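Contents: one structure, followed by commentary.
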Amino acid sequence: MNLLPFGQLPPHAPRRFVPAQIDLGEWSQIAPLFDQLEKCAGDCSSVHALEQWLRDWSELSAAVDEELSRRHIAMTCHTDNAEAEKAFLHFVEKIEPQLKPRQFKLAEVYLAHPLRSQLPRDRYEVFDRDTKVQVELFRPQNVPLETQEAKLGQQYQKLCGALTVQFRGEEKTLIQMARYLEETDRPLRQEAWELVANRRLQEAEKFEEIFEQLLKLREEIAANAGFGNYLEYAFRARHRFDYSPEDCRRFHGAIEQEVMPVLGELQARRREQLKLPALRPWDLSVDPLNRPPLRPFEQVEQMVEKTQRIFDQLEPTLAKGFQIMRELRLLDLANRKGKAPGGYQSTLNEARLPFIFMNAVGVQRDVETLLHESGHAFHALATQEEDLFAYRSAPIEFCEVASMSMELLANEYLEEFYAPSEAARARVKHLETIIEILPWIATVDAFQHWIYSHPGHGRAERTAAWLELMDRFGGDVDWTGYDKARANLWHRQLHIFLHAFYYIEYGIAQLGALQVWMNSKQNKPKALQAYRKALALGGSKPLPELFAAADCRFDFSVATLRPLVQMVRKESAR
Ligand SMILES: [Zn+2]
């Protein structure tokens, strides 16, 4: 039984190294290929042979990666299918742990190769830099610590996932409760908000304990790798070669200076429109004019058709890419029973084709998600001709430029879904979200800078540091009577628990996306050409060069941020 939404997808290029008839779920069949690569490296007696060896390694990595993607897709499309779950877990538990040390070994072999220095610098600079860090940071004694870290992360997710409240006689998860914050009935919003806040507070002690164990582990991991603190380690481990902790702190300052006044204006307008003396935490998501939610489509096929028409107007190559995804059934978009929650874009790395998964139910958020994930899909399509596996994906700071730009560029054609006034409303809402999220990104990032540069700090000091940031970036919201909820608000931010320091990337990418959008207002064909050119580079160039190819500055200062924020302010003024 085929559990995948799409049919037969052949490899982008015929296999050369990996046998056609291989079971990639069997380690005993994969291991000999790693043996062979390790052994053959020594036989490479020319630069040409070494490059072919790299392509063989890439072919194997892509085949194994696609196997994992396929199993993941099958499982998320059929959460009620025990076979699909078993197949995925088998790969994660039996194959992946074997792969890691073998990939590490090949990285070592490559770095030590006598001919490596003769490879063209320009072509291999980024690959070598990444591979060196992989080898430099590897410590066998950190492997079990990282497993413990992952387990604590699971505990956090399990704790969050199990939280429910009784609301109007029904048991609801906290995710299900979020929609009540958009209800125009204010007492109902307050009731929903309080229930959720109090439910989280009941677990505050557990959240703190999980976090303190994570903190201890992370400090140990950093020390084992020879770093003074986890902040320095994380910047290296996340391959942040092109910006420093100081740059991030400057970005926080720029957000404070440039975004906070605009957020203040938005909040004042919201307060006036809602006719309230002060905004409370449950007044932030509702439509300020008390209008009912937008309904962009009834059937998912309509959403796909209208999105196609948007891309047709935007740019012919992108439009063709989306058309191909439709024809090959690389879209599974409708919400249905037995599907995992959320949305993602995944790449089938051997076929070199993207796949989009989501749970559309007919709200504006679905339209935004499809545009966002399509941006990621265009990125995957743009790198199809790249033979080095590592270069077919870009650093996350730039991946999100591809997706966030697409939301902004495509939003100009929302009239495909709406009457003009509704389209304008959807656009304003989207721009407001950008203004609201930037201070939150600064808060989450600055908090982690504080945490990991204050080893041995106590719980009260940590809370004080958080509250100081809430004062700086929280905006004009009246929390009277809810001090505890405010002091523990960070407990709900998954990244702080699961992926330390991974959050500022969204802010950096938004700077890029807003610049692409600004460029498009001057000259749309030129901006789209640069966008496509930058996407086609994949991960083959350092971040500043990827930004430059997209006609953007890679700079987090006030000078870059100010004109972008002012543009958003102007465009969102009603
Ligand atoms: Zn994304």
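The values are calculated or read from the model by the stated rules, or taken from the named source; none is laboratory data. Nothing here was measured: the structure is a model prediction, and the numbers come from that model. Cβ coordinates were reconstructed from backbone atoms using ideal geometry, including for glycine residues, and neighbour counts include every protein chain displayed. Accessible surface areas use protein heavy atoms only, side chains included; no ligands, DNA or RNA. Shrake-Rupley method; radii C 1.70, N 1.55, O 1.52, S 1.80 Å.
Per-structure values
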item: Rounded percent of accessible protein surface that carbon and sulfur make up, the chain, 1.4 Å probe; result: 51 percent
item: Shape of the stretch 441-552, Cα gyration tensor, a/c cut at 1.5; result: prolate
item: Over the stretch 1-109, relative contact order from alpha-carbon pairs under 8 Å, at least 6 apart, %; result: 36 percent
item: With Cα atoms, 0 to 90° folded angle of helix 121-137 axis to the chain main axis; result: 80 degrees
item: Centre separation in Å (Cα based) which lies between the stretch 105-165 and the stretch 461-526; result: 27 Å
item: Unit charges at the beta carbon, dipole of the chain: most positive-side option, Leu137, Leu546, Phe235; result: Leu546
item: Cα-based shape type of the stretch 222-361, given that a ≥ b ≥ c are square roots of the gyration tensor eigenvalues and the cut on a/c is 1.5; result: oblate
item: Rounded accessible area of Glu182 (nearest 10 Å², 1.4 Å probe); result: 110 Å²
item: Estimated dipole of the chain in Debye, rounded to 20 [Cβ of Lys and Arg +1, of Asp and Glu -1, Cα centre]; result: 680 debye
item: Taking the chain and dividing mean pair separation by its residue count, relative contact order in percent (alpha carbons under 8 Å, at least six apart); result: 18 percent
item: Accessible surface, the stretch 367-479, averaged per residue in Å² (probe 1.4 Å); result: 32 Å²
item: Nearest 10 degrees, 0 to 90: helix 204-224 Cα axis against the chain principal axis; result: 30 degrees
item: Per residue accessible area of the stretch 155-205, 1.4 Å probe, in Å²; result: 61 Å²
item: Packing-based ranking, highest mean first, of 531-537, 411-417 given that Cβ atoms within 10 Å are counted; result: 531-537, 411-417
item: Solvent-accessible surface (1.4 angstrom probe) belonging to Tyr506, in square angstrom, nearest 10; result: 60 Å²
item: Net charge over other residues, Cβ less than 10 angstrom from the Cβ of Asp551 (K, R count +1; D, E count -1); result: +3
item: Test item: Cα-centred dipole of the stretch 48-139, Lys/Arg +1 and Asp/Glu -1 on Cβ, debye; result: 340 debye
item: Using a Förster distance of 51 Å, the FRET efficiency for Gln52-Leu163 (Cβ separation, nearest 0.05); result: 0.45
item: Kirkwood Rh and Cα Rg combined as Rg over Rh, evaluated for the chain; result: 0.95
item: Residue-count net charge about Gly338 - beta-carbon cut-off 14 Å; Lys, Arg +1, Asp, Glu -1; result: -1
item: Set of lysines with alpha-carbon distance to Lys206 below 18 Å, sequence-local pairs under 8 removed; result: Lys151, Lys158, Lys216, Lys484
item: Among 63-70, 392-399, 323-330, the order from most to least packed when residues are scored by Cβ within 10 Å on average; result: 392-399, 63-70, 323-330
item: DSSP-defined antiparallel bridges as percent of all bridges, the chain, nearest 5; result: 75 percent
item: Average accessible area per residue (Å²) across the stretch 1-152 - probe 1.4 Å, nucleic acids and ligands excluded; result: 53 Å²
item: Extent along principal axes [Cα atoms of the stretch 511-563; Å; largest to smallest]; result: 30, 24, 11
item: Charge context of Lys94, other residues only, Cβ under 15 angstrom, K/R +1, D/E -1; result: -2
